[in-house]
Amino acid sequence: MSRHSIAREASRLDGRLEALNAARELAEGVLPDAALEEVFRLLERASSRRSLSADHTVVGFFGATGSGKSTLFNAVSGAEIATAAARRPTTSEPLAGVWGADGSEPLLDWLQVRNRHHAEPVAGFADEGTGLILLDLPDFDSTRAANREIVERMVGLVDVLVWVLDPQKYADAAVHNDFLAPLAAHAAVTLVVLNQVDRLPERDVQPVLESLKGILAREGLAKVQVLGVSAVKGTGVDKVRSAIRSVVVQRQAISQRLAADVSRASGQLREAAGVGE
Ligand SMILES: Nc1nc2c(ncn2[C@@H]2O[C@H](COP(=O)(O)OP(=O)(O)O)[C@@H](O)[C@H]2O)c(=O)[nH]1
Ligand SMILES: [Mg+2]
């Protein structure tokens, strides 16, 4: 992606954020406070993220307990970062793998990620020049409310969302109704991994992937890339790396994520206003 087109995207986003702010001001006292509060928080978040490093793309690994987020995080990072840092088998604090230290600290402060690890270069994936922050996150279905809160906050803050699903729970309503379907506008910055494919008989892998793609398509996420992976065996890990790398090198994820947020928020405003009803 050329500098020119990055600048063009950024200025288009400026215009959309300004328009959303104007709509919010007009709607004050007319639409419910809750609807406006949400828009206000988005505008603040957008302004904060855009004041922080544009040279880093923040990629979060989300998923249910035991889907293999931490294992995949290590496999992609090429090191045992997650197990080395974790005191417990489940992840209760976000953990960052950082490629490109310069400018990453204020961004990690804003994300409230204390656990930071400067990752070694991984050939063909990331090095100091890449500008990548990979986050291993707690389980969205954790029994600890504090963990679920972290996940909900991070879903709103990261630039790219990687959903790590597994063959047992890939169709569960929880992930689809609470996260994936509401984030249908975010397809361009979403990647879905079906992990643990080694636990399926070979002949079932493709049908399960198709079934998952069908569910995603019905939620409006037909364009999302879905990768079959075994983090333990290493199958498909290269594909995850190259999918992440291609989003990162385009340098568009920050704008695309925020543009998707604007689309969703303006849709909610229209709905609150009863437009089109
Ligand atoms: N068979 C198989 N087991 C896996 C795979 N990925 C993770 N696991 C195992 O699943 C368990 C939970 O993994 P973990 O990475 O801690 O899951 P998390 O809770 O999502 O972080 C561990 O025992 C892993 O070894 C995989 O691709 N295949
Ligand atoms: Mg974990």
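Laboratory data are not the source of any read-out in this text; all were calculated from the coordinates shown. Being a predicted model, the structure only gives us computed values, none of them experimental. A quick note on method: Cβ atoms are made from the backbone with ideal geometry, for glycine too, and the neighbour counts reach across all protein chains shown.
What's the local net charge at Val151, with K and R +1, D and E -1, over the other residues with C-beta under 14 Å away?
-3
Rounded, prolate or oblate: which fits region 1-100, taking a ≥ b ≥ c as square roots of the Cα gyration tensor eigenvalues, rounded meaning a/c under 1.5, else prolate when a/b beats b/c? Since a/c reaches 1.5 but b/c is at least a/b, the shape of region 1-100 is classed as oblate. Using the average count of surrounding beta-carbon atoms within 10 Å as a protection proxy, the listed peptides 151-160, 40-49, 200-209 rank, highest first, as 151-160, 40-49, 200-209. Shape verdict for region 29-164, please, from the Cα gyration tensor: rounded (a/c under 1.5), prolate (a/b greater than b/c) or oblate. It comes out oblate by the Cα gyration axes.
Here the Karplus relation 6.51 cos²θ - 1.76 cosθ + 1.60, evaluated at θ = phi - 60°, turns the backbone of region 207-222 into coupling constants of x, 5, 4, 5, 4, 4, 4, x, 4, 4, 4, 5, 8, x, 10, 4 Hz, with x for every Gly and Pro. With Cα atoms defining each centre, region 30-68 and region 112-144 are spaced 18 Å apart in the structure. For region 105-264, the spread of Cα coordinates along the three principal axes comes to 46, 36, 32 Å, biggest extent given first.
Taking amide H atoms as placed 1.01 Å from N in the peptide plane, the amide H of Thr57 lies under 5 Å from those of Leu132, Ile133, each 5 or more residues away in sequence or on another chain. Over the Cα atoms of the chain, the radius of gyration divided by the Kirkwood radius equals 0.97; this is the Rg/Rh ratio. Summary of packing: across the peptides 28-35, 171-178, 227-234, the per-residue average of other C-beta atoms within 10 Å ranks them, highest first, as 227-234, 171-178, 28-35.
Dipole magnitude for the chain: computed about the Cα centre from +1 point charges on Lys and Arg Cβ and -1 point charges on Asp and Glu Cβ, it is near 460 debye.
Evaluated with a Cβ-only charge set (Lys, Arg +1; Asp, Glu -1), region 48-145 carries a dipole of roughly 380 debye about its Cα centre, given to the nearest 20.
Summed over qualifying helices (DSSP H, 4 residues or more, each -39500 (n - 2.57)) and divided by its residue number, the chain shows a 222 nm mean residue ellipticity of -15500 deg cm²/dmol. With θ taken as phi - 60° and the Karplus curve 6.51 cos²θ - 1.76 cosθ + 1.60 applied, the whole-hertz 3J(HN,Hα) list for region 150-157 is 4, 4, 4, 5, 5, 4, x, 9 Hz, x standing for glycine and proline. In terms of its C-alpha gyration tensor, region 173-277 has an oblate overall shape, because the principal axis ratio a/c (a ≥ b ≥ c, square roots of the eigenvalues) is not below 1.5 and a/b does not outweigh b/c. For region 1-103, a crude dipole built from +1 on the beta carbon of Lys and Arg and -1 on the beta carbon of Asp and Glu, taken about the Cα centre, is about 360 debye to the nearest 20.
The residue among Val226, Gly214, Phe179 whose Cα reaches farthest toward the positive pole of the charge dipole of region 98-230, with charges on the beta-carbon of Lys, Arg, Asp and Glu, is Gly214.
Residues whose amide H comes within less than 5 Å of that of Asn115, counting only those at least five positions distant or on another chain, are Ala96 (H built at 1.01 Å from N in the peptide plane). Taking all Cα pairs closer than 8 Å and separated by 6 or more residues, the relative contact order of the chain comes to 25 percent.
Couplings for region 103-114, taken from phi via the Karplus curve 6.51 cos²θ - 1.76 cosθ + 1.60 with θ = phi - 60°, read x, 7, 4, x, 5, 5, 4, 4, 6, 6, 9, 8 Hz in order; Gly and Pro are left as x.
Using only Cα atoms and rounding to the nearest 10 degrees, what angle (0 to 90) does helix 237-250 make with the longest principal axis of the chain? Once rounded, one gets 30 degrees. For Gln252, no residue has an amide H sitting under 5 Å from its own, ignoring neighbours fewer than 5 places away on the same chain, with H placed 1.01 Å from N. Here the relative contact order of region 1-147, from alpha carbon pairs under 8 Å that lie six or more residues apart, stands at 27 percent.
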